[in-house]
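Participant: Could you have a look at this structure, given as structure tokens, before my questions?
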Amino acid sequence: MTIPHSLTHTKVTHSLRNARATVTILLVDDNHLVRELTKTLLRQVGYAVAEASNGQSAIQQAQTRRYDMLITDLEMPEMDGFELARHLTKDRAALPVLVLSGALPNVVPLQELQKRRWAFLPKPVDRKELIRTIDNNCLGWALHTQPGSSPQRSKLPIETMTTTV
């Protein structure tokens, strides 16, 4: 018996949405419009999203809630995205981090990104690349979590994305 593509696609989409619903992302960007657009996109595909406009606010939120991924702008006043990510991964080295930046590639410290196994996407962000990067970094453990157990990250490598200009 052949299952119509539309039914299998619906089942996969439903399963993916359910898996994404188990993931809460902390989104940090000093640009309100970027935060709103990114938050809207992530919620549309099923992710739960909390937001902060700066590093200090993000740290305060992370003290009261455990997030499954950090997405941060690189260049922010007071505390840049790298400093924030270093702080939040100090006690949680396995926390997936995605750094976004509109800076020129030669300004982005790619060696540190690779060393820490953090993902990177340039701004403006391609929405498909954004979702693919988040899925790759978060759903490896979310899909393998047993009911009633705490999430365990899979051994899947964290993808580091870079661009050349």
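The values are calculated or read from the model by the stated rules, or taken from the named source; none is laboratory data. This one's a predicted model, so the numbers in the text were calculated from it and none came from an experiment. Glycine gets a Cβ as well: all are built from the backbone with ideal geometry, and neighbour counts include every protein chain shown.
Participant: List the number of the failed condition for residue 50; all other conditions in (1) under 13 Å from the mean Cα position of the chain (by Cα); (2) closer than 17 Å to residue 119 by Cβ hold.
Facilitator: Of (1) under 13 Å from the mean Cα position of the chain (by Cα); (2) closer than 17 Å to residue 119 by Cβ, only one is false for residue 50: (2).
Participant: Select from region 89-114 the residues that are under 17 Å from the mean Cα position of the chain (by Cα), touching a residue at least 40 places away in the same chain (Cβ under 8 Å) and in a helix (DSSP H, G or I) and write down the one among them that is farthest from residue 28 (Cα to Cα).
Facilitator: 114
Participant: Pick from region 2-25 the residues that are in a loop (DSSP other than H, G, I, E, B) and at pLDDT below 85: which of them is farthest from residue 133 (Cα to Cα)?
Facilitator: 2
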